[in-house]
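Below you'll find the structure, written out as structure tokens, and then a few comments.
The values are calculated or read from the model by the stated rules, or taken from the named source; none is laboratory data. Please read all numbers here as calculations on a predicted model, not as lab measurements. With ideal geometry, Cβ positions are generated from the backbone for all residues, glycine too; neighbour counts draw on all protein chains shown.
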Amino acid sequence: MDGLEKINFNLEKQSIGNTSPSQPTQIPKVNDFRNNAMKKRQIKFGFKGLFGGRNIVIAGVLLLILILFSVFGIYLPAQKAYKDAKLTYADAQAAAWAIKTQNVQLASDQLAKTKTDLDKTQKDVEAMGYLKYIPVVNWYYGDAYHMVNAGEHGLNAAIILVDAIKPYADVLGLKGQGSFAGGTAQQRIETAVRTLGKITPQIDTISSELDAVRSEIDQVDPNHYPSFSYGKKARDAIANIKNITDESVSLINNAKPLIKILPSVLGNPNEVKYLLLFQNDKELRPTGGFITAYAVFRLDSGVVHVDESGDIYSLDATVPNKPTAPAPILKYLANVPVLNLRDNNLSPDFKVSMDSFYKMYQTAGGATNVNGIIAVDTHALVSAMNILGDISADGSTFTTKNDPYCNCPDVIYQLEQIADQPVEGIKTNRKGIIGDLMYAIMYKAFSSSPKLYWGPLFQVMLTEMNEKHILFYMNDPQAQAGFEGLNAAGRIVPFNGDYFHLNEANFGGAKSNMFVTESVSQDYSLGNDGTIQKTVTVNYKNPYPPSDCNLARGNLCLNATLRDWFRIYVPKGSQLISSTGSEVKMTTYDDLGKTVFEGFLTVRPQGASTLTVTYKLPFKLGNNSVLPLLIQKQPGTDNFAYTITKGNGILKQFNLSSDTTLNLQLR
């Protein structure tokens, strides 16, 4: 073969080194081959060999192309995209500020500018589409691409919402150009409610845009970024965006049924009627407080008409054939043999309690059919008055200034004096003052300039709903589903993971919850097989001296011994291991899809008590798993301190102002 013929295997005829024909042929040594091979290797693999001649030109061209691509293909386009993105972000911040300050017209203008800048940023990113073919780089390009698309859909949702409410900015109490310059406040309300039908259809479009936001955000992977330095900040920011997006989309989707029928809830086209209950959270009960007073009011195209208000005791007196009181009342509430309307909120689930309450209410003398029940407590009352200012009712002026006697707002102290302080003779309908006060508050709010109060009141109402100081019970299934979606219906909800709800009832009659503070710690212990044991400790403190509760002397009894009937709701199937602090033997049973640990304790003025409960959860924690935990707040309570630990390590510390979901890393 030609290839083999070129190879000479006759070593004797080869010339090695500097041998000449006159010299004898020398047989090469092994080292000669090694040295020769090394020389060839140096020529083949040395710097000069690689870049010598034509190769150096090729290498130079490749290097130049790499540099040019890095500059013109990545750096400069990225710089342009970054510059446009910064402008977009600045406009978005300005729009957010305008929305926060309730300036609808300015928000609309800023959103339009943000849209223009975002379109530029989106084109910049799309122009670098070739980066998706480069390993590793394609991760970050993909994340940027999806984030920009998510921003576009989120911006579309904001623009739709602002454009929908812009014509009604004036009547809603928002700044900007509105179409309600003339007419009385009531006329403005009627016009706004009657035109809500033009706004509510937009909710489907807004929901669709937010679903698209979630779809884009879900494709961004926080694990692309290192867990240190700036990478950790990016990873945490992305995780936070994911959580906010999920919560926002869920909120809108859950509230859609309510939003769509909002005009009818507000009395358009047909008038609606509601029963308003005042729950005194200073005498805590399962749904937020002792039911003290009531009012019946109508909504006619948003205009409020109060038909009656009164003392719950007077209404209770008209209920015939009351059933025997349930066991907790017979056991812990002295001299109350029957179930009264005022005690008909024993279930921690507001709907379950109101089902029972409304059934009994319909048997009362003078009862009327209503479309729903709304419950408010003293926290909501004070929050509204902080915006509206002093309120006059029944010859008294109420303020929110602090009264040193109870270290509470003046309005709370005055209401307690009027409703509960012993007097000579008989004073009928004493607790009816609360109904009169609620009427005065509604009248001032709805008869004043919308721009003066409505914006702040609307924001306060949303906060009070979120913190369970305002609760809704609706006869219309769609409206009920909507309020439940907003978490404004006081429901005990199902949850996949650990669950905790502490529910308490003050069966002492005094207003001890005004003085008692509570803090809750939850400590986890994890077995090798994933078994989870949990110890909950509740610390009660009352640092204030007792009131003189001698009724014969006519004193106001506010601070007395707290007689606390408590229930702890945990995942169904949990097993109680031990407990201390309850003054009765604790019992275990199932209710509302949970397992309940029930007991009773007392807290004296200038005293303290501690409750400790240890139990095992009904499931195990897998390897590399986080433990979801939902803590549901009891209505009427306010900012109890919570600490979550595992052994000596603190996992979370916070004040519980609303239902809170945590993801705990126990391994």
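Things worth noting here:
- Unique residue being assigned by TED's automatic domain parsing to the domain that holds ASP211, at pLDDT 75 or above and surrounded by fewer than 17 Cβ atoms within 10 Å (Cβ to Cβ) when the list is THR101, THR184, THR121, THR116: THR116
- Which listed residue is of a type in the set (S, T, N, Q), surrounded by 15 or more Cβ atoms within 10 Å (Cβ to Cβ) and either at pLDDT 70 or above or farther than 30 Å from PHE446 by Cα (or both), from SER229, SER215: SER215
- Condition check for ILE373: surrounded by 18 or more Cβ atoms within 10 Å (Cβ to Cβ) and farther than 22 Å from MET465 by Cα: no
- Residue pairs whose Cβ atoms lie under 6 Å apart, sitting 6 or more positions apart in sequence or on different chains, and linking a residue in the range 120-141 that is acidic (Asp, Glu) to a partner that is in a helix (DSSP H, G or I), are ASP124/LYS80; ASP124/ALA81; ASP124/ASP84.
- Any hit, the range 298-309, residues being within 21 Å of ASP349 (Cβ to Cβ) and crowded, with 21+ Cβ neighbours inside 10 Å: no
- Test: residue in the range 491-499 that is touching a Leu at 6+ places or on another chain (Cβ under 7 Å), closer than 30 Å to THR200 by Cβ and modelled with pLDDT of 95 or more: yes
- Considering residues of the range 266-289 that are crowded, with 24+ Cβ neighbours inside 10 Å and of a type in the set (A, V, I, L, M, F, W, C) only, the residue nearest to LEU437 (Cα to Cα): PHE278
- When the range 517-543 is filtered for residues that are under 16 Å from GLU283 (Cα atoms) and of a type in the set (Phe, Trp, Tyr), only TYR540 remains.
- In the set (1) over 26 Å from LEU601 (Cβ atoms); (2) without any contact (Cβ under 8 Å) to a residue 60 or more places away in the chain, the condition left unmet by GLN653 is number (1).
- Checking each residue in the range 299-349 for being in contact with a Ser or Thr (Cβ under 9 Å, 6 or more places away or on another chain), at pLDDT 95 or above and among the hydrophobic types (A, V, I, L, M, F, W, C) picks out VAL319, LEU330, VAL338, LEU339, LEU346.
- For TYR413, the stated conditions hold: it is modelled with pLDDT of 65 or more and in a helix (DSSP H, G or I).
- Number of the condition not met by CYS406 [criteria: (1) modelled with pLDDT under 85; (2) among the hydrophobic types (A, V, I, L, M, F, W, C); (3) buried (at least 18 other Cβ atoms within 10 Å of the Cβ); (4) under 30 Å from PHE483 (Cα atoms)]: (4)
- Among the residues making up the range 387-405, those that are farther than 14 Å from LYS444 by Cα and not in a loop (DSSP other than H, G, I, E, B) are SER396, ASN402, ASP403.
- Applying a threshold of 6 Å to beta carbon distances and a minimum spacing of six or more residues, or different chains, the list of pairs starting in the range 360-388 at a residue that is under 24 Å from VAL460 (Cα atoms) and touching a residue at least 60 places away in the same chain (Cβ under 8 Å) and ending at one that is small (Gly, Ala, Ser) and not in a helix (DSSP H, G or I) reads ASP377/GLY288; ASP377/GLY289; ASP377/GLY636.
- The range 462-520: number of residues that are charged (D, E, K, R) and free of Cβ contacts under 8 Å to residues at least 40 places away in the same chain: 0
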